[in-house]
Amino acid sequence: MSENSFTAEVDAKAADSGANASAQFRERQARTASGGVVDHERVSLLAGKAIKALNDLVIEEQVSYEEYNALKAWLIKVGEDGEWPLFLDVWLEHSVEEVANEDREGSKGTIEGPYYVTDSPEFAWNGTIPMRPDEPGTPFVFKGQVTSVSGEPLPGAKLELWHADNLGFYSQFAPGLPEWNLRGTFVANEAGEYEIHTIRPAPYQIPTEGACGQLIEAAGWHAWRPAHMHFKVHAPDHQLITSQLYFPGDPHNDDDIASAVKPELMLDPQPNPDTEGEMVTYNFVLDPQR
Ligand code: MBD
Ligand code: FE
């Protein structure tokens, strides 16, 4: 394969991710009980404040018609590219997560991002996440225990894990990957333990050719999230935790474009003494339902 056709393939994959994220979100939202209904008073308060904040900004910064029309064109393109989930999860979700988890004890959480899919294939407490036979990347063993804040183990806790491949692509969003590649649900054993075999994900770059990429380039920002693995951990009578874990030494741990890195979420991988690759222990502590 020539260098150019490789670039074209990568771009084509990136271009599809936004549209897929919008379609997936729409479906999931339709399945929720409330259908996403917010009461009139909150809509009036929040929409009113948001509109006022933007008007204040226009006056304060003396926004020109040229700038206003550039904004209009860009907002239209965000929708056309299906990049509203990407835009919102990168630049807003971290504050929503902060508010939502203010009072929680136990492990820290962070944002979900645009690439979660429900109902991934289920496995026992120790197993290999679905991957291609020749999946590129450093083999990575992730083990630990789920406990309650009281210290009591939580047998049968479920860990949903999803992450990008060695090129930074997510299955079901970038085309050409098996449906459940690098996505799985693992059920902790009697002691609340799990041991999951996977590969180390690559850093994630916001697609450059979509509206979000266009904004990043126009502003002269960088487009990177550090390499990360996503988790949802649940156990009966406990609060669900949505989290991401990161790898020391990643150049973007300190300037994640999605502002989702926290010191508590840094892994400490070590060479695996038993086989090729690395291993790490990370425990999840869940807050009881209140
Ligand atoms: C990702 O992989 C991600 O986790 C977030 C939050 C935003 C964009 C891509
Ligand atoms: Fe991600």
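The values are calculated or read from the model by the stated rules, or taken from the named source; none is laboratory data. Keep in mind that this is a model prediction, so the values were computed, not measured. Note: ideal-geometry Cβ built from the backbone for every residue, glycine included; neighbour counts use all protein chains shown.
Determine which single condition G127 fails, assuming it passes every other condition in (1) within 16 Å of ligand 2 (Cβ to nearest atom); (2) in a strand (DSSP E or B); (3) farther than 22 Å from L265 by Cα.
(1)
Out of A223, A258, I need the residue that is of a type in the set (G, A, S), surrounded by 17 or more Cβ atoms within 10 Å (Cβ to Cβ) and under 22 Å from T118 (Cβ atoms). Which one?
Details: A223 fails: under 22 Å from T118 (Cβ atoms).
Being of a type in the set (G, A, S), surrounded by 17 or more Cβ atoms within 10 Å (Cβ to Cβ) and under 22 Å from T118 (Cβ atoms) holds for just one of A223, A258, which is A258.
Would you mention how many residues in the stretch 217-234 are away from ligand 1 (no atom under 12 Å from the Cβ) and either of a type in the set (K, R) or not in a loop (DSSP other than H, G, I, E, B) (or both)?
Here is the first cut: in the stretch 217-234, the ones away from ligand 1 (no atom under 12 Å from the Cβ) are 217-222, 232-234.
Cutting the leftovers down to either of a type in the set (K, R) or not in a loop (DSSP other than H, G, I, E, B) (or both) gives us 217-219, 232-234.
Result for the stretch 217-234: 6.
Within the stretch 79-93, restricting attention to residues that are of a type in the set (F, W, Y) and within 15 Å of ligand 2 (Cβ to nearest atom), which residue is nearest to F25 (Cα to Cα)?
Among them, the one singled out is F87.
Just wondering, is there one or more residues in the stretch 202-214 that are among the β-branched types (V, I, T), at pLDDT 95 or above and either within 30 Å of E67 (Cα to Cα) or under 19 Å from the mean Cα position of the chain (by Cα) (or both)?
Among the residues of the stretch 202-214, not one is among the β-branched types (V, I, T), at pLDDT 95 or above and either within 30 Å of E67 (Cα to Cα) or under 19 Å from the mean Cα position of the chain (by Cα) (or both), which makes the answer no.
Yes/no per residue for (1) more than 16 Å from ligand 2 (Cβ to nearest atom); (2) among the charged types (D, E, K, R); (3) closer than 25 Å to T198 by Cβ:
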| position | (1), (2), (3) |
| --- | --- |
| Q214 | yes, no, no |
| E217 | yes, yes, no |
| A227 | no, no, yes |
| A235 | yes, no, yes |
| T242 | no, no, yes |
| P248 | yes, no, yes |
| A260 | no, no, yes |
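Can you tell me which residue in the stretch 24-59 is farthest from D119 (Cα to Cα), limited to those that are hydrophobic (A, V, I, L, M, F, W, C) and touching a Phe, Trp or Tyr at 6+ places or on another chain (Cβ under 9 Å)?
The selected residue is V58.
Can P207 be described as over 26 Å from A100 (Cα atoms), out of contact with any Cys (no Cβ under 9 Å at 6 or more places or on another chain) and in a loop (DSSP other than H, G, I, E, B)?
Here the answer is yes, as P207 does meet what is asked.
Output the residue which, of all residues in the stretch 155-167 that are under 16 Å from P130 (Cα atoms) and assigned to a loop (DSSP other than H, G, I, E, B), is nearest to ligand 2 (Cβ to nearest atom).
A164
Restricting attention to the stretch 188-212, which residues are away from ligand 1 (no atom under 12 Å from the Cβ) and crowded, with 16+ Cβ neighbours inside 10 Å?
Kept after step one, since they are away from ligand 1 (no atom under 12 Å from the Cβ), are these residues of the stretch 188-212: 188-200, 208-209, 211.
Of everything in the stretch 188-212, those that are away from ligand 1 (no atom under 12 Å from the Cβ) and crowded, with 16+ Cβ neighbours inside 10 Å turn out to be A188, N189, G192, E193, Y194, E195, I196, H197, T198, I199, R200, A211.
Would you confirm whether any residue within the stretch 101-112 is touching an Asp or Glu at 6+ places or on another chain (Cβ under 8 Å), part of a loop (DSSP other than H, G, I, E, B), away from ligand 1 (no atom under 16 Å from the Cβ) and among the aliphatic types (A, V, I, L, M)?
no
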